[in-house]
Amino acid sequence: MSQFENTRIVLASRPEGRPTPQNFRLEQAAIPAISEGQVLLKILYHSLDPYMRGRMSAAKSYAAPTDIGQVMEGGTVAEVIESRDPSFKLGDIVLSYSGWQSHAAASGAQLRKLDPANAPVTTALGVLGMPGFTAYAGLLTIGQPKPGETVVVAAASGPVGSAVGQIARIKGARAVGIAGGPEKCALVRETFGFDAVIDHRDPDMAGKLAAACPNGIDVYFENVGGHVWDAVFPLLNTFARIPVCGLVAQYNASGDFPGPDRLPMLMRGVVEEPDDPRLHPARIRRSPGTGLPQGDGELDRGRQRQIQGRRRSGAGERAGSLDRPAGRQELRQADRQALRRGAPRASLFP
């Protein structure tokens with residue numbers, strides 16, 4: 001091999017708003033030498049995924065940002081062309097996260113072998129990889145679709161959304177997809193087999209979504225946010241489940257979200273209070289004749305219900321509680337106080 005054979009794309013600057021070609025730089029670099037326990041990879045396929053936009057930003061997130069001058073990361077399918085790990089031989093096909101480059105050195109412990117006889121190797125970046133797992137875990141763990149329910153999926157033509165709709169139908173639910181443009185909508189309906197599909201570019205998108213969901217929406221798998229979420233929100237049934245996978249419509253925003261966006265509040269409630277049983281729809285049911293939520297087990301008949309408002313105190317916030325059954329008016333008052341502070345609702349009461 002010559003000294004300079006590795007072609008790579010690095011982050012040249014952090015985008016403000018929509019990324020442009022000027023935010024990236026094409027480079028030629030030396031192919032890396034490998035050490036004991038490593039393999040040298042030739043990248044065959046690279047996956048472009050929405051999470052990469054977050055990696056381009058220096059804002060605090062669940063993962064470290066890509067540094068300026070660093071290779072843009074991303075999922076890859078690669079071929080082993082040199083090995084110093086006895087578990088891998090020349091010609092093995094593996095899943096790695098080597099990023100936007102033609103060659104990479106990787107530790108064998110970070111790789112997963114792929115068998116081309118089982119499925120096309122590209123599926124490791126799609127339905128049999130991270131996107132498929134995201135759809136499977138998000139829909140079945142959080143969405144919990146039931147036979148006869150209506151599941152609406154944003155970005156339904158993408159690798160996550162298309163899998164969500166197909167899994168929903170396997171579970172006996174009705175799948176309604178939202179996609180952009182006639183070509184994508186045809187793909188969702190004819191190839192992925194959704195029961196209905198709405199074009200989010202249609203001026204009457206909200207009206208057509210309502211017509212496609214006459215019984216409301218029981219599960220909304222969120223990939224987009226923005227005006228799609230605004231159309232979905234009024235159609236949500238009581239105790240609808242909302243797996244929030246992404247907010248693609250807002251990834252390029254350079255300021256505050258337009259309008260009174262409700263999703264950050266919902267997400268904060270799930271993230272900050274993960275052990276609050278009231279955030280788990282499977283543990284809540286309606287009390288007969290009242291339409292009010294009634295818990296199971298330790299929450300039964302509200303004996304252990306507590307107001308989980310959030311109060312400011314010196315160095316930060318702490319959770320406050322009321323150690324007795326709370327009345328409906330108390331819960332509503334706590335809700336209003338929490339919302340004024342930008343905190344999660346204290347209850348699930350309407």
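Does V188 qualify as being assigned to a helix (DSSP H, G or I), touching a Cys at 6+ places or on another chain (Cβ under 9 Å) and either open to solvent by 10 Å² or more (accessible area, probe 1.4 Å) or under 19 Å from G126 (Cα atoms) (or both)?
Details: assigned to a helix (DSSP H, G or I): yes; touching a Cys at 6+ places or on another chain (Cβ under 9 Å): no; either open to solvent by 10 Å² or more (accessible area, probe 1.4 Å) or under 19 Å from G126 (Cα atoms) (or both): yes.
Considered against the rule, which asks whether it is assigned to a helix (DSSP H, G or I), touching a Cys at 6+ places or on another chain (Cβ under 9 Å) and either open to solvent by 10 Å² or more (accessible area, probe 1.4 Å) or under 19 Å from G126 (Cα atoms) (or both), V188 comes out as no.
Can you find a residue that is over 22 Å from D49 (Cβ atoms), of a type in the set (D, E) and modelled with pLDDT under 95 anywhere in the stretch 190-199?
no
Here are some residues: L139, L114. Which one is surrounded by 18 or more Cβ atoms within 10 Å (Cβ to Cβ) and under 15 Å from I43 (Cβ atoms)?
Details: L139 fails: under 15 Å from I43 (Cβ atoms).
Result of the check over L139, L114: L114.
For the stretch 195-235, how many residues are touching a strand residue (DSSP E or B) at 6+ places or on another chain (Cβ under 8 Å), of a type outside the set (S, T, N, Q) and open to solvent by less than 40 Å² (accessible area, probe 1.4 Å)?
Keep residues of the stretch 195-235 that are touching a strand residue (DSSP E or B) at 6+ places or on another chain (Cβ under 8 Å), which gives 195-200, 205, 208-209, 212-213, 215-224, 228-229, 232, 235.
Narrowing the set further to residues that are of a type outside the set (S, T, N, Q) leaves 195-200, 205, 208-209, 212-213, 216-222, 224, 228-229, 232, 235.
Filter once more, keeping what is open to solvent by less than 40 Å² (accessible area, probe 1.4 Å): 196-199, 205, 209, 212-213, 216-222, 224, 228-229, 232, 235.
The qualifying residues number 20.
State yes or no: is I68 in a loop (DSSP other than H, G, I, E, B), modelled with pLDDT of 90 or more and open to solvent by less than 30 Å² (accessible area, probe 1.4 Å)? Break it down stepwise before answering.
Values: in a loop (DSSP other than H, G, I, E, B): yes; modelled with pLDDT of 90 or more: yes; open to solvent by less than 30 Å² (accessible area, probe 1.4 Å): no.
Answer is no for this residue.
Residues that are of a type in the set (G, A, S), at pLDDT 95 or above and open to solvent by 20 Å² or more (accessible area, probe 1.4 Å): does the stretch 175-184 have at least one?
No, because not a single residue in the stretch 175-184 is of a type in the set (G, A, S), at pLDDT 95 or above and open to solvent by 20 Å² or more (accessible area, probe 1.4 Å).
Is it the case that some residue within the stretch 90-98 is aromatic (F, W, Y), open to solvent by 30 Å² or more (accessible area, probe 1.4 Å), within 25 Å of the chain's Cα centre (by Cα) and closer than 27 Å to Q28 by Cα? Walk me through it before giving the result.
Start the filter on the stretch 90-98 by keeping residues that are aromatic (F, W, Y), which leaves 97.
Narrowing the set further to residues that are open to solvent by 30 Å² or more (accessible area, probe 1.4 Å) leaves 97.
Retained after the next criterion (residues that are within 25 Å of the chain's Cα centre (by Cα)): 97.
The next check asks that each one be closer than 27 Å to Q28 by Cα; those that pass are 97.
Yes, because at least one residue in the stretch 90-98 is aromatic (F, W, Y), open to solvent by 30 Å² or more (accessible area, probe 1.4 Å), within 25 Å of the chain's Cα centre (by Cα) and closer than 27 Å to Q28 by Cα.
Can you work out which of the residues in the stretch 117-136 that are part of a loop (DSSP other than H, G, I, E, B) and open to solvent by 30 Å² or more (accessible area, probe 1.4 Å) is nearest to N6 (Cα to Cα)?
Looking only at the stretch 117-136, we keep the residues that are part of a loop (DSSP other than H, G, I, E, B), and these are 117-120, 126-129.
Pick out the ones that are also open to solvent by 30 Å² or more (accessible area, probe 1.4 Å) and you get 117-118, 120, 127-128.
On the way: A117: 29, N118: 30, P120: 26, V127: 29, L128: 28 Å.
Applying the filter and picking the extreme gives P120.
Would you check if F221 is at positive phi and not small (G, A, S)?
Values: at positive phi: no; not small (G, A, S): yes.
It is false that F221 is at positive phi and not small (G, A, S).
Could you tell me whether the stretch 49-61 includes any residue that is acidic (D, E) and out of contact with any Pro (no Cβ under 8 Å at 6 or more places or on another chain)?
To start, the set of residues in the stretch 49-61 that are acidic (D, E) comprises 49.
If we keep only those that are out of contact with any Pro (no Cβ under 8 Å at 6 or more places or on another chain) too, we end up with none.
No, the stretch 49-61 contains no residue that is acidic (D, E) and out of contact with any Pro (no Cβ under 8 Å at 6 or more places or on another chain).
Looking at the stretch 1-54, which of the residues that are modelled with pLDDT under 90, surrounded by 11 or more Cβ atoms within 10 Å (Cβ to Cβ) and touching a strand residue (DSSP E or B) at 6+ places or on another chain (Cβ under 6 Å) is farthest from A105 (Cα to Cα)?
A12
It is to be established whether one or more residues within the stretch 149-169 are surrounded by fewer than 16 Cβ atoms within 10 Å (Cβ to Cβ) and over 20 Å from P131 (Cβ atoms).
Scanning the stretch 149-169, I find no residue that is surrounded by fewer than 16 Cβ atoms within 10 Å (Cβ to Cβ) and over 20 Å from P131 (Cβ atoms), so the answer is no.
The values are calculated or read from the model by the stated rules, or taken from the named source; none is laboratory data. Here the structure is a predicted model, which means the values were calculated and not measured. Glycine gets a Cβ as well: all are built from the backbone with ideal geometry, and neighbour counts include every protein chain shown. Ligands, DNA and RNA are stripped out before the accessible areas are found, and what is left, the full protein with its side chains, is counted by its heavy atoms. Shrake-Rupley method; radii C 1.70, N 1.55, O 1.52, S 1.80 Å.
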